[in-house]
Structures are given as C-alpha cells and as structure tokens.
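Written below as structure tokens is the structure these notes are about.
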Amino acid sequence: MARIAAAHLTRGAREAVARLLRQDADLHWNMPTGRVADAMARAAIWPDHIAGGKGNTAAWHYIDIGLFEGPAHMQARCPNGACIVARMNRCVADLKQRRGGGVWPEYKELEFLLHFAGDIHQPLHCATDADAGGNCVRVSGFGQSQNLHAVWDIALVRALAAQDGPGMLAKMESRFRGRLREWQNYGSVEKIAAESFALAKFQVYGKARPPIPVVAAFIEVQPRACATEAPEQVRNVLVDGVRSYGVRSLDVVRMQLYRGGVRLAAMLNAIYSE
C-alpha cells in the first residue's frame, strides 16, 4: 500500500516524506528522493514492531465497532482517543503543524500514519463481533492463518500477490484508473472507518459459512484472551475458509489495498501542499 501511495505523491510531498524518513536512524535509508517508495514500505511496518512491544499504542491500530450496532457508535468505541480514527486524525494534524506528538518525533508520526492507512482499510480493524476483530473465530483451509483476522490480514493478501504476480501494482493502476479521483476524495477518516465496517459486515462476517452468530451486545475482547472473554457461540464456530472467501474476497482485498494507497497519497499531498 505504501508503494501505491508513493506513486501518487506530488513532488513536494515526496520530498517532505523523504526528508523525514532520512531522520530515522532505524531505517538506515539515505537514498535519492526518487526511491522514497522503498523507505515508505519499510517505515510502514515499524508500528507493528516497536522495540519492547506496542504498549499503549496497541489500541491505536483499530476501532472495535460492534457488528450489531454500526458506525453510529464510533465515538463511544474510541475512549480517550485511543483508536485508529482518532490517532490518524491526530497524526495528520501534527504533521500539518510540522511537529511530533508527545513522545514521538515527527518522522515517527509519519510512520504511524503510513501504517494506520493500511490498517483502517482492513475491514476487521473496524468491526468486531465480540471476537477481537475476528481473532477469536476459527477458520480452516488457509494454512497457518487459522483465525478470521489472520485470513484477512495475511492469507488473502498473499493469495492475491500469488495470483496477480510481480505486476500486481501495475494491474491495480490499470483496473482502477477510472475510480482514482473518487477514492482520493475520501471525505474523512470517519467515513473510511464506516466504509470498512460495512465491508466487514457484508463481505467478511456476511460471507462466512457456516454463519457466525451476531452477538447482540458489546463485549470487549483481547486477542490473547479469546478462550476466556469471547462468547462460546463465537468460539464454537469453525468457518470453512475456502468455501467462504474466494475470488470475490480477493477483489475486496485488491480494492482496499489500492484505495488505501491512493487515499494515503491524498492525505500526504494535502499535508505538504504548502
């Protein structure tokens, strides 16, 4: 996704992004601005690999909107601004003012934004069915990806890359050229989250076979506590992954990767337009 974004940056945004990423000694990157896609791709994974663990940044990667309730409850599911929607808005605001946020320097704020733009376009980072965004739902047929979240986070992305091959990004550009302006005009981070919630509801949970029961109450569940916190009716389901998530699911993943990339570029272009 970061590489897609890099291809749609203005000259000013590309130079600003390269300037910031050169400041991060952990990247060991000091290449010409024209090679900024490499640095963006590397920087985008850092928030998942913070030394010492994510700590209090863990909740910034998602927003648990209950499947039974919908996006109207978004604000209630973002206590004290600890969710992906609030943090993305904070990153954008801080970068516009050319400053870092709290303990994080400006270049780390950029790296958070690069990462969160990917997370918010993964449907299960914006929805939950008392199952920690699908982490507590077992799935068969996708090898080591044995829960619903992992299938959509890892397995389907790898399947798409294998299907589309080395020319995957070029194929996306060709396939979606006609929708570029529409997707760049994303409106707000809140609208992106609501869009991802709808995909989770209809294309992820809605396609599961056998069906996953909708839990009619909000239950906060941690991914590592599924056995004790997730309701039994959710834990007892074993989704047939191959029957549930085929070609149409790969189409959704492809669309979300591209939408996320061009929207990230739109955010960065707006930040560095002055």
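Could you tell me whether any residue of segment 186-194 is surrounded by 13 or more Cβ atoms within 10 Å (Cβ to Cβ), in a helix (DSSP H, G or I) and either touching a His at 6+ places or on another chain (Cβ under 8 Å) or of a type in the set (Ser, Thr, Tyr) (or both)? Can you show your working first?
Step one: list which residues in segment 186-194 are surrounded by 13 or more Cβ atoms within 10 Å (Cβ to Cβ), which gives 186, 189-190, 192-194.
Now drop any that are not in a helix (DSSP H, G or I), which leaves 189-190, 192-194.
Within this subset, residues satisfying the condition of being either touching a His at 6+ places or on another chain (Cβ under 8 Å) or of a type in the set (Ser, Thr, Tyr) (or both) are 192.
Among the residues of segment 186-194, at least one is surrounded by 13 or more Cβ atoms within 10 Å (Cβ to Cβ), in a helix (DSSP H, G or I) and either touching a His at 6+ places or on another chain (Cβ under 8 Å) or of a type in the set (Ser, Thr, Tyr) (or both), which makes the answer yes.
Among the listed residues 41, 18, 25, identify the single one that is small (Gly, Ala, Ser) and within 26 Å of residue 158 (Cα to Cα).
41
Taking the criterion of being under 30 Å from residue 177 (Cα atoms), part of a loop (DSSP other than H, G, I, E, B) and more than 17 Å from the chain's Cα centre (by Cα), would at least one residue in segment 26-34 satisfy it? Can you show your working first?
Step one: list which residues in segment 26-34 are under 30 Å from residue 177 (Cα atoms), which gives 31-34.
Now drop any that are not part of a loop (DSSP other than H, G, I, E, B), which leaves 31-32.
This time we only want the ones that are more than 17 Å from the chain's Cα centre (by Cα), so: 31-32.
Taking every residue of segment 26-34 in turn, at least one turns out to be under 30 Å from residue 177 (Cα atoms), part of a loop (DSSP other than H, G, I, E, B) and more than 17 Å from the chain's Cα centre (by Cα).
Yes or no, residue by residue, for (1) of a type in the set (Lys, Arg); (2) surrounded by 16 or more Cβ atoms within 10 Å (Cβ to Cβ); (3) within 30 Å of residue 88 (Cα to Cα):
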{"site": "225", "(1), (2), (3)": "no, no, yes"}
{"site": "236", "(1), (2), (3)": "no, no, no"}
{"site": "241", "(1), (2), (3)": "no, yes, no"}
{"site": "264", "(1), (2), (3)": "no, yes, yes"}
{"site": "270", "(1), (2), (3)": "no, no, yes"}
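Residues to consider are 160, 169, 124; find the one that is assigned to a helix (DSSP H, G or I) and buried (at least 22 other Cβ atoms within 10 Å of the Cβ). If you could, list the steps in order and put the result at the bottom.
Working: 160 fails: buried (at least 22 other Cβ atoms within 10 Å of the Cβ); 169 fails: buried (at least 22 other Cβ atoms within 10 Å of the Cβ).
None of the other options fit; the residue is 124.
Within the group 56, 30, which residue is free of Cβ contacts under 8 Å to residues at least 60 places away in the same chain, within 30 Å of residue 161 (Cα to Cα) and not aromatic (Phe, Trp, Tyr)?
Values: 56 fails: within 30 Å of residue 161 (Cα to Cα).
Of 56, 30, the one residue that is free of Cβ contacts under 8 Å to residues at least 60 places away in the same chain, within 30 Å of residue 161 (Cα to Cα) and not aromatic (Phe, Trp, Tyr) is 30.
Going by the structure shown, is residue 215 touching a Leu at 6+ places or on another chain (Cβ under 8 Å), more than 16 Å from residue 8 (Cβ to Cβ), crowded, with 20+ Cβ neighbours inside 10 Å and in contact (Cβ under 8 Å) with a residue 24 or more places away in the chain? Give the steps one after another, and end with the answer.
Working: touching a Leu at 6+ places or on another chain (Cβ under 8 Å): yes; more than 16 Å from residue 8 (Cβ to Cβ): yes; crowded, with 20+ Cβ neighbours inside 10 Å: no; in contact (Cβ under 8 Å) with a residue 24 or more places away in the chain: yes.
So residue 215 does not fit the description; no.
Can you find even one residue in segment 129-144 that is surrounded by 14 or more Cβ atoms within 10 Å (Cβ to Cβ), at pLDDT 95 or above and in a helix (DSSP H, G or I)?
No, segment 129-144 has no match at all.
What are the residues in segment 28-78 that are under 30 Å from residue 206 (Cα atoms) and of a type in the set (Phe, Trp, Tyr), if any?
60, 62, 68, listed by residue number.
Go through (1) under 14 Å from the mean Cα position of the chain (by Cα); (2) crowded, with 17+ Cβ neighbours inside 10 Å; (3) β-branched (Val, Ile, Thr) for residue 204 and report which single condition fails.
(1)
Considering only segment 44-75, state which residues are of a type outside the set (Val, Ile, Thr), in contact with a helix residue (DSSP H, G or I) (Cβ under 8 Å, 6 or more places away or on another chain), surrounded by fewer than 21 Cβ atoms within 10 Å (Cβ to Cβ) and part of a loop (DSSP other than H, G, I, E, B).
Hits for segment 44-75 are 54, 70, 74.
Would you mind stating whether residue 118 is under 25 Å from residue 204 (Cβ atoms), surrounded by 17 or more Cβ atoms within 10 Å (Cβ to Cβ) and either out of contact with any strand residue (DSSP E or B) (no Cβ under 8 Å at 6 or more places or on another chain) or of a type in the set (Asp, Glu) (or both)? Give the steps one after another, and end with the answer.
Values: under 25 Å from residue 204 (Cβ atoms): yes; surrounded by 17 or more Cβ atoms within 10 Å (Cβ to Cβ): yes; either out of contact with any strand residue (DSSP E or B) (no Cβ under 8 Å at 6 or more places or on another chain) or of a type in the set (Asp, Glu) (or both): yes.
In short, yes.
The values are calculated or read from the model by the stated rules, or taken from the named source; none is laboratory data. The structure presented is a predicted model; accordingly, all values stated were derived computationally and were not measured. When we count neighbours, we look across all protein chains shown, and the Cβ atoms used for this are built from the backbone with ideal geometry, even at glycine.
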